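If you scroll down you'll find the structure; I have some questions about it.
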Amino acid sequence: MKAFLGMGLLGSNFVKAMLQKGETVQVWNRTATKAKALEQYGAKAFDNSVEAVQDADSIHVTLKDDATVDEVLAAASKGFQPGAIIIDHTTTSVKGAIQRTRYWKSKGFTYLHAPVFMGPQNALESTGFMLVSGDQAVIEKHSPALATMTGKLINFGEQEGKASALKLSGNLFLLSLTAGLADALALAKVHGIAPSDLLTLFNTWNPGAAVPARLKKITEATFNEPSWELNMARKDAGLMMDAATEASTTLTVVPGIAKVMDQWIAKGHGRDDWSVIAKDSL
């Protein structure tokens, strides 16, 4: 039997998917109505987290942050049965994930951080990506159950907190991607281009497909073999900022990138590949 604490959009759809697979699931949420709403699908809702986790072999968590996870688990722990595993899907700090792994082990329980790249629909459909790292015996034991929750379970090895670090790195990229798209839309608007035309361009020329190759080039540090010289990339950044300035439009990402480009050009890297600006991150 499973317990699930945290009935937000992700958690509630994880529970619905479990119920559809014939699982018995006990649920709790700080706002009790969100847990009660899942009773129509077959879940057993509780007002008290201690009662919600009683008799559960595994306790899944999808909450807000480190502090909330610690608070909720501390309150619920009076109901943990011996040998129970806590599986935390919350995006948290690396430090927090490591500390919880060790703390709950000292209390006789297993804690596994398993953050996800999944939206609510993915949780309902059991698609998307789930990350794990740490004790490989624990991961091997629980991988079959976790694999049913997601399209892809990715095991990053024995290092505690690695899954959390990679989740944060992935989220950073998503934040940067959205900010970049906002700049692209703003620049298109300056030139009288409709968002639908930008979407047509990206549907045909998909820059996202180049991400793995770009990352590989950066990590190989072959900056002296340019496909786009830094000087030329900086020239284009200037054109973008000039157009935005003339239209009294603010760009979020490009000015910061241009500043870093100028620093690397000043170091004598103008004729290197523009990705040299990422060199210090290696």
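So what is the relative contact order of region 1-133, in percent, for Cα pairs below 8 Å that sit 6 or more residues apart?
24 percent.
Output wanted: per-residue J couplings in Hz (rounded whole) for region 181-194, from phi through Karplus 6.51 cos²θ - 1.76 cosθ + 1.60, θ = phi - 60°, x for Gly and Pro.
5, 4, 5, 4, 5, 5, 5, 4, 4, 4, 9, x, 9, 6
Also, I was wondering about something else. Which value at 222 nm does the chain reach when only helices count, each DSSP H run of 4 or more adding -39,500 (n - 2.57), with the total divided by all residues and rounded to the nearest 500 deg cm²/dmol?
Counting only the DSSP helices, I get -15500 deg cm²/dmol.
Moving on. On a straight-distance basis, which aspartates and glutamates could pair with Lys235 in a cross-link, Cα separation under 12 angstrom, same-chain partners fewer than 8 positions away excluded?
Lys235 reaches Asp262.
If I histogram all Cα-Cα distances within region 166-281 using bins 10 Å wide from 0, what percent of pairs lands in each bin?
Histogramming region 166-281 at 10 Å steps yields 12, 38, 39, 11, 0 percent.
Gap in Å between the Cα centre of region 168-228 and the Cα centre of region 82-96?
Between the Cα centre of region 82-96 and that of region 168-228, the gap is 33 Å.
Determine the principal axes of the Cα atoms in region 2-158, then give the extent along each, sorted from largest to smallest and rounded to whole angstroms.
Projected onto its principal axes, the Cα set of region 2-158 covers 40, 33, 24 Å.
With the contact rule set at Cα under 8 Å and sequence spacing of 6 or more, what percent relative contact order holds for region 166-281?
Across region 166-281, relative contact order equals 35 percent.
At a 10 angstrom cut-off on C-beta neighbours, averaged per residue, how do the peptides 93-102, 139-148 rank from highest to lowest?
On the way: 93-102: 18.1, 139-148: 14.6.
Per-residue Cβ counts within 10 Å, averaged per peptide and sorted highest first, yield 93-102, 139-148.
Suppose we keep just the alpha-carbon trace of region 102-178; what are its Rg and Dmax in angstrom?
Just the Cα atoms of region 102-178 yield Rg and Dmax of 13.3, 42 Å.
How tilted is helix 9-20 with respect to the longest principal axis of the chain? Cα atoms for both, answer in degrees (0 to 90, nearest 10).
Approximately 50 degrees, to the nearest 10.
Another question, if that's okay. Compute the acute angle (0 to 90°) between the alpha-carbon long axis of helix 195-204 and the principal axis of greatest extent of the alpha-carbon atoms of the chain; round to the nearest 10°.
Here the helix axis deviates by roughly 90 degrees.
Further question on the same structure: Using only the Cα atoms of the chain, each taken as one equal point scatterer with no solvent, compute I(q) by the Debye sum, divide by I(0), and report log10 of the ratio at q = 0.07, 0.13, 0.16 Å⁻¹.
Debye curve over Cα of the chain, log10 I(q)/I(0) at q = 0.07, 0.13, 0.16 Å⁻¹: -0.37, -0.93, -1.14.
With only alpha-carbon atoms in the gyration tensor, what are the semi-axes of the equivalent ellipsoid for region 67-146, in Å, largest first?
21, 15, 13
Considering lysine pairs in region 2-158 that are 8 or more places apart or on different chains, how many have Cα atoms under 14 Å apart?
Lysine pairs meeting both conditions in region 2-158 amount to 9.
Just want the ordering: Leu172, Leu187, Leu251, from fewest to most Cβ atoms lying within 10 Å of their own Cβ.
Result, fewest neighbours first: Leu172, Leu187, Leu251.
Pull up the cross-link candidates among the aspartates and glutamates for Lys162, meaning alpha carbon to alpha carbon under 15 Å and not fewer than 8 places away within one chain.
Partners within reach: Asp88, Asp135.
Hey, what did the chain get for relative contact order, percent, Cα under 8 Å, at least 6 apart? Don't skip to the end; give the middle numbers.
On the way: 452 pairs, mean separation 34.7, N = 282.
Relative contact order for the chain comes out at 12 percent.
So, one more: For region 142-226, which chymotrypsin sites (Phe, Trp or Tyr not before Pro) pass both filters: DSSP loop (anything but H, G, I, E, B) and at most 13 other C-beta atoms within 10 Å?
Trp205
Where a number appears in this text, it was derived from the coordinates with a stated rule and is not lab data. Bear in mind the structure is a predicted one, so any value in this text is a computation, not a measurement. All Cβ positions, even for glycine, are placed from backbone atoms using ideal geometry, and neighbour counts span all protein chains on display.
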